[in-house]
Amino acid sequence: EFLHPDSKHLFEINFPIFKKRGYSHNTQFIMKHKNGNFIEVIFEGCVEYKKDGSFKQSYCIFNDITEQNLTAKKIDALEIRTQALLDHSPLCHKVVDLDFNLQYMNKTGFKMLHINNVNEVYGKPFPFSFFTDDFKKEMLNAMEEVKKTLNSVYLESSSITKKGIELWIASTIVPVISNNKIDYLTIVSDNITQRKKDEINREKLENKLIQA
């Protein structure tokens, strides 16, 4: 009666094994507390045998891990929500290690840059090989500055997608600090191609009006 219905079958299977093997380690059960509530526990135990080798008694310790598991579930739920927010963000989010290798990019980034497979870029150097040389140089200089100064840097630069389509990208490179040391870089980028085209067209029109 002390076991939750979901744990009874598991106990019936494991207890004979425990008696024969002589010990149990990190076995989880759901048990009824003396207050009537069910709690999640880790069972640790060993067996004492009689001289003839038959079972005499067991010594058991039950550690309540209810709060620990609840916290883990909350963290898992938070990670799922965070991932959902990143996946539906209109901005490209990237994580780059201190050697400037890509560790993560959200779905928007793959779509923006016309990349179909994570294996093409995960663990690979950033900026990507298909970017223009000018963009690579500007981005590398910006990341080096962030790494050196621990200050965020904003960069607007023209490049191309993997399909060779021209693309203007506005990026904010941010250092992520842990224990007073830089851990990695996050790069949040926006596609500002249309804005840049509008600016160029406006400048051309203004120049024509001046020359008229």
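Indicate the gyration tensor shape class of the range 105-212 (rounded, prolate or oblate), computed on the Cα atoms with a ≥ b ≥ c the square roots of the eigenvalues: a/c under 1.5 is rounded; otherwise a/b larger than b/c is prolate and the rest oblate. Kindly include the intermediate steps, with their values, before the conclusion.
Numbers: a/c = 2.66, a/b = 1.56, b/c = 1.70.
Judged from the Cα gyration tensor, the range 105-212 comes out oblate (a/c at least 1.5, b/c at or above a/b).
If I stretch the segment between I165 and D97 completely, what's the gain in nm (0.36 nm per residue apart, minus their alpha carbon distance), one decimal? Write out the running numbers ahead of the final one.
Numbers: separation 68, 0.36 × 68 = 24.48 nm, distance 2.71 nm.
Length difference between fully extended and current span is 21.8 nm.
Express in Å², to the nearest 10, the accessible area of D87 obtained by rolling a 1.4 Å probe over the protein heavy atoms while all chains stay in place.
That residue has around 40 Å² of solvent-accessible surface.
Work out, step by step, the length gained on full extension between Q194 and H88: first 0.36 nm times the residue separation, then minus their alpha carbon distance; give nm to one decimal.
So the extension gain works out to 36.1 nm.
Considering only protein heavy atoms and a 1.4 Å probe, what is the carbon-and-sulfur percentage of the accessible area of the chain? The partial results should precede the final answer.
Working: 7650 of 14260 Å².
Here it works out to 54 percent.
What is the Rg over Rh value, at two decimals, for the range 1-51, using alpha-carbon atoms and the Kirkwood definition of Rh? Please report the intermediate quantities before stating the final value.
Numbers: Rg = 12.2 Å, Rh = 11.8 Å.
With Rh from the inverse mean 1/r over Cα pairs, Rg/Rh is 1.03.
When the chain is modelled as a GNM with alpha-carbon springs shorter than 10 Å, which of T108, T193, T27 fluctuates the most?
Highest fluctuation of the listed residues: T27.
How much length, in nm to one decimal, is gained on full extension between E44 and L3, taken as 0.36 nm per residue of separation minus their Cα-Cα distance? Kindly include the intermediate steps, with their values, before the conclusion.
Numbers: separation 41, 0.36 × 41 = 14.76 nm, distance 1.59 nm.
In short, 13.2 nm is gained.
What is the dipole size for the chain, taken about its Cα centre, with +1 at each Lys and Arg Cβ and -1 at each Asp and Glu Cβ, in debye to the nearest 20?
480 debye
If r is the Cβ-Cβ distance from D134 to I65 and R0 is 45 Å, what FRET efficiency results, to the nearest 0.05?
Values: r = 55 Å, r/R0 = 1.23.
Using R0 = 45 Å, I get an efficiency of 0.25.
Give the accessible surface of the chain per residue, rounded to a whole number of Å², with probe radius 1.4 Å and ligands, DNA and RNA excluded. Numbers along the way, then the final one.
Details: 14260 Å² over 212 residues.
I get 67 Å² per residue for the chain.
Equivalent-ellipsoid semi-axes (√(5λ), Cα gyration tensor) for the range 134-173, whole Å, largest first?
On the way: eigenvalues 98, 18, 8 Å².
Sorted largest first and rounded, they come to 22, 9, 6 Å.
If the range 1-119 were replaced by its equivalent ellipsoid, with semi-axes equal to the square roots of 5 times the Cα gyration tensor eigenvalues, what would those be, largest first, whole Å?
On the way: eigenvalues 468, 71, 29 Å².
Rounded to whole Å, the semi-axes are 48, 19, 12.
Over the residues of the chain, compute the C-alpha Rg and express it relative to 2.2 N^0.38 Å.
Expressed relative to 2.2 N^0.38 Å, the Cα Rg reads 1.74.
The values are calculated or read from the model by the stated rules, or taken from the named source; none is laboratory data. Since the model is a prediction, treat every value here as computed from it, not as a measurement. Note: ideal-geometry Cβ built from the backbone for every residue, glycine included; neighbour counts use all protein chains shown. The protein model used for the area step is the full one, side chains on, heavy atoms only, and it has no ligands, DNA or RNA in it. Shrake-Rupley method; radii C 1.70, N 1.55, O 1.52, S 1.80 Å.
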